[in-house]
Amino acid sequence: MKYEDLVMKSKKIIEDIKIEINNLMIEIPYKLEYRIKSEDHIYRKLQKNNLKNIIDVEDVIGFRILVENENLCHRVYSILTNYYEPYKISNYFINPKNTGFKAYILKLDKYDINTEIQIMTHDMKIITERTHLIHEREKYNN
């Protein structure tokens with residue numbers, strides 16, 4: 001699949017997931033961010049993980065649900081895992097990264113394109129942004 005086709009297909013999936021999340025989060029204040037992984041990042045993941053097709057990359061579509069506190073993170077996690085059936089869950093609340101990163105990461109294959117949903121606090125997003133460049137350098141410059 002060409003990257004341009006992937007982007008077009010991803011945009012439809014993003015709209016569907018935005019509606020689903022909005023319907024699920026009626027009683028919880030949240031901010032939703034989303035992105036389609038760049039062609040360059042997909043290419044690097046293909047090489048690093050020895051993958052053949054861009055749709056094999058786990059997080060082509062990425063969502064981030066931001067809430068005010070960790071209790072709300074746990075509540076959102078419960079809501080989403082009752083609705084979706086993630087094929088992989090990473091719980092960084094139980095085992096935070098050495099950077100202090102705490103989040104839930106849900107990997108979904110419900111759609112034609114692999115999708116990741118991160119659940120974290122607004123404060124955790126700040127930590128994530130501060131450490132992202134370092135993480136990318138370590139991840140791709142081995």
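With 20 Å as the limit, the listed pairs LYS2/LYS45; LYS18/LYS97; LYS12/LYS45; LYS48/LYS110; LYS11/LYS48 have LYS18/LYS97; LYS12/LYS45; LYS48/LYS110; LYS11/LYS48 beyond it between alpha carbons.
In the complete set of protein chains, residue-level accessible area for MET25 is approximately 10 Å², probe 1.4 angstrom. Per-residue ellipticity at 222 nm from helix content only, as computed over the chain with -39500 (n - 2.57) for each DSSP H run of at least four residues, stands at -15000 deg cm²/dmol. For TYR34, the residues whose amide H sits under 5 Å from its own are ARG64, ignoring neighbours fewer than 5 places away on the same chain, with H placed 1.01 Å from N. Using the alpha carbons alone, the radius of gyration of the chain stands to its Kirkwood radius in an Rg to Rh ratio of 0.96. Looking at the chain, the DSSP beta bridges with both ends there are about 70 percent antiparallel.
The values are calculated or read from the model by the stated rules, or taken from the named source; none is laboratory data. Keep in mind the model is a prediction, meaning the values are calculated, not measured. These accessible areas exclude ligands, DNA and RNA; they are computed on the full protein's heavy atoms, side chains included. Shrake-Rupley method; radii C 1.70, N 1.55, O 1.52, S 1.80 Å.
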